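The values are calculated or read from the model by the stated rules, or taken from the named source; none is laboratory data. Small disclaimer: the values here were computed from a predicted structure and weren't measured. Please note: Cβ atoms are built from the backbone with ideal geometry, for glycine as well, and neighbour counts cover all protein chains shown.
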Amino acid sequence: MSTFGKKKATPSYRSSRNTRQETWAHHCKFGIAVSLRLLITAVLLLVNGVLPFIPVPTIFRIHDTSNWLGRRSWERRQERLQYMRGG
């Protein structure tokens, strides 16, 4: 039987979908949100590095961005645990 044109899911993708029952849209939304937050933070910090008199808004400072990423990661872990418990 030919497998031409059929793509197999990578193990990490299969694992992600099976353990959290995550839709593609949910996965994409999370990835875009994290990417945009990191991009905005990087640009603002770069501008602040070149022009130090321009302040970086508090929510985009390194410490706050790190806390935000930690919370997002924790929320995703909780979703996974809830799914595994049957809730």
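Within segment 63-85, residues that are within 19 Å of Ile32 (Cα to Cα) and modelled with pLDDT of 85 or more sit with their Cβ atoms under 7 Å from residues that are of a type outside the set (Val, Ile, Thr) and part of a helix (DSSP H, G or I), at 6+ positions apart or across chains, in these pairs: Thr65/Arg37; Trp68/Arg37.
Here is a yes/no grid of residues against (1) surrounded by 13 or more Cβ atoms within 10 Å (Cβ to Cβ); (2) on the phi > 0 side of the Ramachandran plot; (3) part of a helix (DSSP H, G or I):
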| site | (1), (2), (3) |
| --- | --- |
| Ala25 | no, no, yes |
| Phe30 | yes, no, yes |
| Leu36 | no, no, yes |
| Val43 | no, no, yes |
| Pro55 | no, no, no |
| Asp64 | yes, no, yes |
